[in-house]
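Everything below concerns the one structure shown next.
Taken together, the values in this text are just the output of simple stated rules run on the coordinates, not laboratory data. Because the structure is a prediction, the values reported are computed rather than measured. All Cβ positions, glycine included, derive from the backbone under ideal geometry; neighbour counts span all protein chains shown.
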Amino acid sequence: MQKYLFDFCLPLDVKLIIIVGDGMADEPLEALRGQTPLEYAETPHMDDVVRSGSIGQFYAIRPGIKVDSDAAHLAMLGQDVNLSSSNRGAYEALGAGLTLGPTDVGFRVNLATIDNQFALVDGRAGRIRDEAKQLEHAVNDMVELDAVSFDFRQTLGFKGALVLRDDDFSVDVSLPTQYGVGRQIWARAANGTSQALHTAETINEFMVKTNEVLKRHPLNLRRLTDQKPPANVVMPWAVGQIERMNPTMRKYGKGLCVAAAPVIKGVCKYSGMDIVDVPGATGEYDTDTAAKGKIALENLGNYDIVLIHVEGTDEASHDGNVEGKLIIIEKIDAMVGLLLEHTDIAKTRFALLSDHGSSCVTHDHMTTEVPIAVCGAGVKADHAQHYDEKSALQGRLNILFGKQLMPFLTRSQV
Ligand SMILES: [Zn+2]
């Protein structure tokens, strides 16, 4: 008799490793002679997962729905997803290591370049790298808001998160986008409530004051001399608020998230998982996937479930960079190889999937199915041989949806 914690839970001695290549699935590309990047790339270890297990189709929400990564991961971790309103700013703040009280508001921010009229020049400040940490310290030390307190955290290069702390804020604000070059970046209240007006005013006060400090910062003066865009404002572009955490993952066991992207770390934390910082994981092309694999292996003894997320595949599609996407897929494959090599397959269950497809043609997320493969403890095999979009259509797993993922992966037999 095997012992189970819950009806649908993993056998007590089995570990579950979930590997998510963000936007890894794609469409057939001319540059790859009509193959998708997953078909074209050399992926012997991903193919091992399929050969020793089963493959099928996965939709985070349902067919025809274009889904963002935060909504996809929320669904995968058992949360109800509200497709009409994103709460992204809150997850970004949580994932950046900031605390978020029930009345605080969280934001995803960019270090950006603006002109003297507050019009956007470069939403990513020339893709400034981690030297931007100095700017975080300058903003937190030197900016003071009239009535409220804040916490700003630079995370990866030009990316960051912000929390504004007050009991009179609202998420009903319209924010600038990082792509609105030439447009002024002022936040506006989305309705006439005093909370919305107060929030928009506070964001604008924050942007004016960060601009005051950052435009004089030595790093930016040096960037100007080097003819690089100065990171002269902290620009919030996604907002969110959470009343309380909703640890949906706890019923499946103790979970760890190994990711670079703060929004994914935040969604996992919100859902009751621990998060860990991975030195060398950048969320970009140069990300160190081997470091992620090693951290996962080091921590496997202390956790029932480890989710490893790699962002670079999605970044490559958004840039239309086919070669970059192939390189990252092959890096993920090497990480899968490392994990397979150093785990006991009889006591470990693997799942490999994308949260959604991302097209190198349209540079956008796709609404079609993506491949999901499982292997290891308690998993039956089918006849599929390769991890790619076409094989997924033939696999034994048929079709799985995001909200079914955890109940499915933690069944005694899969
Ligand atoms: Zn995604």
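Annotation for Arg188 and Glu212: the two label points, set 7 Å from Cα along the Cα-Cβ direction, are 2.6 nm apart. Estimated from the Cβ-Cβ distance and a Förster radius of 22 angstrom, the FRET efficiency linking Thr99 and Asn140 is about 0.90. A straight Cα-to-Cα reach below 24 Å connects Lys331 with the lysines Lys15, Lys159, Lys265, Lys292, Lys294, Lys390, residues fewer than 8 places away in its own chain not being considered. Scanning residues 5 or more positions from Val276 or on other chains, those with amide H under 5 Å from its amide H are Cys257, Ala259, with H placed 1.01 Å from N in the peptide plane. For segment 314-367 and segment 101-168, what is the centre-to-centre distance using only Cα atoms, to the nearest Å? Cα centroid of segment 314-367 versus Cα centroid of segment 101-168: 30 Å apart. If the Kirkwood radius is taken over C-alpha pairs of the chain, then at 20 °C and 1.002 mPa s the Stokes-Einstein diffusion coefficient equals 97 µm²/s. Size descriptors for segment 90-240: radius of gyration and Dmax over Cα atoms are 14.3, 45 Å.
Cross-link reach is defined here as a Cα-Cα straight distance under 15 Å, omitting same-chain residues fewer than 8 places apart; for Lys251 the aspartates and glutamates meeting it are Asp7, Asp274, Asp304.
Summarising the amide proton neighbourhood of Leu16: residues at separation of 5 or more, or on other chains, whose placed amide H is nearer than 5 Å comprise Ile305, Val306, Arg349. 3J(HN,Hα) couplings calculated from phi for segment 387-398 with the Karplus curve 6.51 cos²θ - 1.76 cosθ + 1.60 (θ = phi - 60°) are, in sequence order, 8, 7, 5, 6, 4, 4, 5, 9, x, 5, 6, 6 Hz; Gly and Pro show x. Taking the number of Cβ atoms within 10 Å of each Cβ as an exposure proxy, the fewest-first ranking of Thr43, Thr202 is Thr202, Thr43.
Under the convention that each Lys and Arg Cβ holds +1 and each Asp and Glu Cβ holds -1, the size of the dipole of the chain around its Cα centre is about 600 debye. 3J(HN,Hα) along segment 128-138: 3, 9, 6, 4, 4, 3, 4, 6, 4, 4, 4 Hz, from the Karplus curve 6.51 cos²θ - 1.76 cosθ + 1.60 with θ = phi - 60°, whole Hz, x for Gly and Pro. Against the chain, whose longest principal axis is taken from its Cα atoms, helix 194-214 shows a tilt of about 80°. The simple Förster model, with R0 at 30 Å and r as the Cβ-Cβ distance, assigns Ile399 and Glu298 a FRET efficiency of 0.30.
The H on the amide N of Asn110, modeled in the peptide plane, is under 5 Å from the matching H of Met235, Trp237, each at least 5 residues off or on a different chain. Each residue in His45, His73, His318 was given a count of other beta-carbon atoms within 10 angstrom of its own, and listing them fewest first yields His318, His45, His73. The value of relative contact order for the chain, using C-alpha pairs under 8 Å at least six residues apart, is 33 percent. Coupling constants for segment 62-73 follow from the phi torsions by the Karplus curve (6.51 cos²θ - 1.76 cosθ + 1.60, θ = phi - 60°), and in residue order they are 6, x, x, 9, 7, 10, 7, 5, 5, 5, 4, 5 Hz; glycine and proline get x. The longest stretch of the chain left intact once loop-based GluC sites (Glu not before Pro) with at most 10 other Cβ atoms within 10 Å are removed from consideration, loops following DSSP, is 244-414.
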